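Derivation of every value follows stated rules applied to the coordinates shown; laboratory data play no part. Since this is a predicted model, take the numbers as computed values, not measurements. Here the Cβ is made from the backbone with ideal geometry for all residues, glycine too, and neighbour counts use every protein chain on show.
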Amino acid sequence: MPVTVTINGKAFQCEPGANVIKLAIDNGVFIPHYCWHPGLIPEGNCRMCLVKTSTSRKLEPACMMQAADKMVIETETKDVQDARKSVLEFLLANHPLDCPVCDKSGECLLQDYTYNWRGNLSRFIGIAEKTLKPTKDLSEKIRIWGNRCIVCTRCVRFYRDVVGDEQLTVVNRGDNSYIDVSPGHPIDNEMSLNVVDICPVGALINKEFLYKARVWFAKEQKTICNLCSKGCSVTATVVDNEIKRVVPKYNPDVNGHWMCDEGRTVHYSLTADKRIRKGLATISSVANAIQMISAKSGDQSLGFVISSGNTCEEIESLKELTRIFKGVKVGFITNAGKAINYKAFTIEAEKSSNRKFLEDQFGTDAVSKGLSDIEAELKSGDLKFLMIFNAIPFKRLSLGFLSLCDSLDFLAVISVTETGLEAEANFILPARSYLEKSGSFVNSKEMRQIFNEVVKPPDFSADEKEFIKNLLAVLNRQQIVPV
Ligand code: SF4
Ligand code: SF4
Ligand code: FES
């Protein structure tokens, strides 16, 4: 039965035992906090969330309190505010004045709370020497600035509770305590960078993002990740039309608060050396080739390859395209890998974003055959025309497949990054990454997720959906719209 908790004179209903800080924050009453994080088991070590409560004579940490009926909480009394000031005073006693050079500047809870609650007072000025702690690499990806650490243990608990291996630990006690790698447990997990996001100060830094951008100059753009079929919600940090960083966005139905390290590289294909930047031939040459080859050798000499990285909208248009030919051959590019199961997070085995939708449109059996039917037709020499739509970043086709393509009369490649077939192609369309267009993907849980353009597409690229629409128009003898 729900219980009633009164916070700052306002009554709220909740389940008995609900976490008080979460109850308050979810209902618009902000209680400052460092060690509490909604995705971790609370530990109550920073004391920033102290509140006055009807159940105790002392101030209590709201993150460790469980809601009980008729409980009364006050979050803004003088003694609560004094306690916050004291906590900040102690934290700042050993904190370096690094804000001008710290990557967390602009999104640091120590900065924000100091500005809101601390005032200018410090009784430590000129009295205490600062305790020095190690600044060093914790792994290839993460560097720690020990002096900035407030020992909230969020990072330690993340590896313990979400990854399931205690790869970080607290060394020493009191003001000599610092965070280090647990002996014999190097940080080798694929979720490692989440600790950088949840570190409330600038102690843990993603070396890849170090000194790349000031967050107050950046635009935060919501999108999803396309590097596996989980489809995590993410936020891209964009400066001058360039993605500087990708971080997880809370989505209780998909990824919770987290994402994998690989997902943070989702924008790499946009600027990669392997990106296709130059087109070859026109849409009319493709339409002519289709018409001439089908007139000479029949529709069954035509082949189309669709990838599980194409958007739902592109797949639907491609289905329409393949339907206008009788006996046309259709193959599929997918990207199966290995699933990784951590204690509280799974990285999916399919390393592309839209396999579920492709299977829904063409059948699971057909999609799992991949390119085998097309390969058989190439070997027999019956296939004369092949158009390949590849939207999986950095996906290259096997050398065996490439050599079979020699027998074709016409090869068209539509891809963001090189497939290996470009030298043989008669037509090339430099495609757009999903980050440069709008559409939707269906994830492994069969949720259709819509995404919008994050960065403006480059001039050399073209939209696949427009291309397919125009090709259909030409083939139906309608007016050509150049792409
Ligand atoms: S490194 Fe950051 S997350 Fe880890 S204990 Fe220190 S302040 Fe907390
Ligand atoms: S788990 Fe999959 S969807 Fe999520 S961030 Fe990693 S690669 Fe992207
Ligand atoms: S947030 Fe409650 S003690 Fe740290």
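What does the C-alpha gyration tensor say about the overall shape of the stretch 13-57? Classify as rounded when a/c is under 1.5, otherwise prolate if a/b is larger than b/c, or oblate.
Rounded shape, in that the Cα axes give a/c under 1.5.
Compute the long axis of helix 283-297 from its Cα atoms, compare it with the longest principal axis of the Cα atoms of the chain, and write down the angle in degrees, 0 to 90, nearest 10.
The helix 283-297 is inclined about 50 degrees to the chain.
Under 8 Å for C-alpha pairs, at least 6 residues apart: give me the relative contact order for the stretch 3-76, rounded to a whole percent.
Details: 140 pairs, mean separation 31.4, N = 74.
RCO, the stretch 3-76: 42 percent.
Can you classify the stretch 123-242 as rounded, prolate or oblate using the Cα gyration tensor, where a ≥ b ≥ c are the square roots of its eigenvalues, rounded means a/c under 1.5, and otherwise it's prolate if a/b beats b/c and oblate if not? If you can, show how the numbers build up before the last one.
Numbers: a/c = 2.48, a/b = 1.37, b/c = 1.81.
Taking the square roots of the gyration eigenvalues as a ≥ b ≥ c, the stretch 123-242 is oblate.
With θ set to phi - 60° and the Karplus curve 6.51 cos²θ - 1.76 cosθ + 1.60, what are the ³J(HN,Hα) couplings of the stretch 6-11 in order, to the nearest whole Hz, using x for Gly and Pro?
9, 10, 6, x, 10, 8
How many percent of DSSP beta bridges within the chain run antiparallel, rounded to 5?
Approximately 65 percent, going by the DSSP bridge assignments.
Output the pairs from Lys356/Lys465; Lys104/Lys230; Lys133/Lys338; Lys230/Lys437; Lys212/Lys356; Lys219/Lys369 with a Cα-Cα distance over 31 Å in this structure; if there are none, say none.
Long pairs (Cα-Cα over 31 Å): Lys133/Lys338; Lys212/Lys356; Lys219/Lys369.
Once the dipole of the chain is set up with Lys and Arg at +1 and Asp and Glu at -1 on Cβ about the Cα centre, which of Ser105, Gly126, Asn241 lies farthest towards its positive end?
Ranked along the dipole, the leading option is Gly126.
Quick check on the stretch 335-421: of the DSSP beta bridges with both residues there, what percent are antiparallel, nearest 5%? Intermediate results must be reported in sequence, preceding the final value.
Working: 4 of 10 bridges.
Once the DSSP bridges in the stretch 335-421 are tallied, antiparallel ones form about 40 percent.
What distance in nm separates the simple spin-label points at Tyr115 and Gln13, each placed 7 Å from Cα in the Cβ direction?
3.8 nm
Using the Kirkwood radius over Cα pairs, work out the Stokes-Einstein diffusion coefficient for the chain at 20 °C and 1.002 mPa s, in µm²/s as a whole number. Write out the running numbers ahead of the final one.
Values: Rh = 25.7 Å.
So the translational diffusion coefficient is about 83 µm²/s.
Place a +1 charge on the Cβ of each Lys and Arg in the chain and a -1 charge on the Cβ of each Asp and Glu, then give the dipole magnitude about the Cα centre in debye, rounded to the nearest 20.
For this selection, approximately 920 debye.
Taking H placed 1.01 Å from N in the peptide plane, check which residues at least 5 places from Thr135 or on another chain put their amide H under 5 Å from its amide H.
When sequence neighbours closer than 5 places are left aside, the close amide H contacts are Gly146.
Count neighbours as other Cβ atoms within 10 Å of each site's Cβ, and list the GluC sites (Glu not before Pro) in the stretch 410-483 that are DSSP loop with at most 14 such neighbours.
Working: sites: Glu418, Glu422, Glu424, Glu436, Glu446, Glu453, Glu464, Glu466; in loops: Glu418, Glu446, Glu453.
Sites meeting the loop and neighbour criteria: Glu446.
In whole Hz, what ³J(HN,Hα) sequence does the stretch 390-398 give by Karplus (6.51, -1.76, 1.60; θ = phi - 60°), x for Gly and Pro?
10, 10, 9, x, 6, 6, 10, 8, 5
May I ask you to list the lysines whose Cα is less than 22 Å away from that of Lys58, ignoring any residue fewer than eight positions away on the same chain?
List returned: Lys10, Lys22, Lys70, Lys78, Lys85.
With both bridge residues required to lie in the stretch 3-76, what share of the DSSP beta bridges run antiparallel, to the nearest 5%?
On the way: 10 of 13 bridges.
Taking every DSSP beta bridge with both residues in the stretch 3-76, the antiparallel ones total about 75 percent.
Could you give each residue of the stretch 73-80 its phi-based ³J(HN,Hα) in whole Hz, using Karplus coefficients 6.51, -1.76, 1.60 with θ = phi - 60°, and x for Gly or Pro?
Couplings: 10, 10, 10, 10, 6, 4, 5, 5 Hz.
Taking H placed 1.01 Å from N in the peptide plane, check which residues at least 5 places from Arg245 or on another chain put their amide H under 5 Å from its amide H.
Thr237
Counting only helical runs of four or more DSSP H residues, what would the 222 nm mean residue ellipticity of the chain come to if each run contributes -39,500 (n - 2.57) and the total is spread over all its residues?
-6000 deg cm²/dmol, from helical runs alone.
Please arrange Leu193, Leu59, Leu88 by counting, for each residue, the other beta carbons lying within 10 Å of its beta carbon, fewest first.
With the fewest neighbours first, Leu193, Leu59, Leu88 line up as Leu59, Leu88, Leu193.
According to a simple spin-label model (label point 7 Å from Cα along Cα-to-Cβ), what is the distance in nm between Lys319 and Gln66?
Going by the 7 Å Cα→Cβ label model, 5.0 nm.
Taking the Cα atoms only, what angle lies between the long axis of helix 312-323 and the longest principal axis of the chain, rounded to 10 degrees?
10 degrees
Under 5 Å between amide hydrogens, which residues at least 5 positions from Val330 or on another chain qualify, with H placed 1.01 Å from N in the peptide plane?
When sequence neighbours closer than 5 places are left aside, the close amide H contacts are Phe304.
Could you pull out which residues in the stretch 327-370 have an amide N less than 13 Å from a spot 7 Å beyond the Cα of Ser380, following the Cα-Cβ vector?
Backbone N within reach: 327-330.
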